[in-house]
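To keep things clear, I will list the structure first and then write my remarks on it.
What follows is calculated from the coordinates using simple rules that are stated; it is not laboratory data. This structure is a prediction, so every number in the text was calculated from the model and none was measured. Don't worry about glycine lacking a Cβ; one is built from the backbone with ideal geometry, like all the others, and counts go over all protein chains shown.
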Amino acid sequence: MGFEVRRTTCIRDDLELAVEFFHGLFERKPNVVIVSGGLGPTYDDIQLAVISKATNIEIDENQEALEQVKEYYKAKGLELTKERRKMANMPINSTVLDNKVGGAPGCLIQYENIDIFCLPGVPSEMKDIFTRHIIPFLSSKGYDKLYEIKFRVLNCFESQLAPFINQIKGKFPFLYIKSHPVHEESTGIVLHLSGFGDEAKKHIHKVRKMLEQLFVSNIESIEIENIRE
């Protein structure tokens, strides 16, 4: 969708440690931050407490979120306990993101021109909110989309390909060229070529043909196999 993932971080349920991380994150000024985990009813579900302390945005019970929590547990024939009601506490002025799979709603917070999405950690719940809310939001930004092809080069070592990859990368610095050995069950080197926008898409096919010609003419017994486009 045109967004490059620059950093992925995993932090334990430690308020001070996580707040310190977010302060550093805000200094880097990313466009979008997606946080998952810690929206549940237990004491260690501290995601929004962390966000609140890091941004100085207060948390309060959100009526829209509360209705979602009530409906979820009512449908299961369960009462609304204090712990379950905790999941309706949201940063003030945040946008509630309904959860069609579980009990904890997500939310969107806008802070210093950064869009912060807060999602549950349960994979099915996170994917539900991501698919229905985050993908449309990011797509609406109108950024150039990523285009990628992936193929495997057989009967060679990565060190044999390195000089030719470097040669091509020097000519096309705006493209991302990544190589890595195939996992143990197979053989060869996998190459990823990617870039953003129609211009990148046009050059990626050209670069692949150039790489194939360089590899085949310089390395004996080489084979090239398409994986994904």
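Numbers for the structure displayed
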| item | result |
| --- | --- |
| Gyration tensor verdict on region 111-167 (Cα atoms; rounded if a/c is under 1.5, prolate if a/b is larger than b/c, oblate otherwise) | prolate |
| FRET efficiency estimate (nearest 0.05) - Cβ-Cβ, Ile11 to Lys145, R0 45 angstrom | 0.90 |
| Over region 146-228, volume per residue of the alpha carbon convex hull, in Å³ | 82 Å³ |
| Kirkwood-based Rg to Rh ratio, region 15-139, C-alpha trace | 0.96 |
| Total formal charge among the other residues, if their Cβ is under 9 angstrom from that of Leu191, Lys/Arg +1 and Asp/Glu -1 | +4 |
| Cα centroid separation - region 144-215 against region 27-92, whole Å | 43 Å |
| Efficiency of FRET from Cβ geometry, Gln213 and Val182, R₀ 22 Å, rounded to 0.05 | 0.50 |
| Net length gained if the chain between Phe137 and Lys70 were fully extended (0.36 nm per residue, minus Cα distance) | 21.5 nm |
| Mean Cβ count within 10 Å, highest first, over the residues of peptides 127-136, 103-112, 9-18 | 103-112, 127-136, 9-18 |
| Computed lengthening from Phe174 to Asn56, 0.36 nm per intervening residue step minus Cα-Cα distance | 38.6 nm |
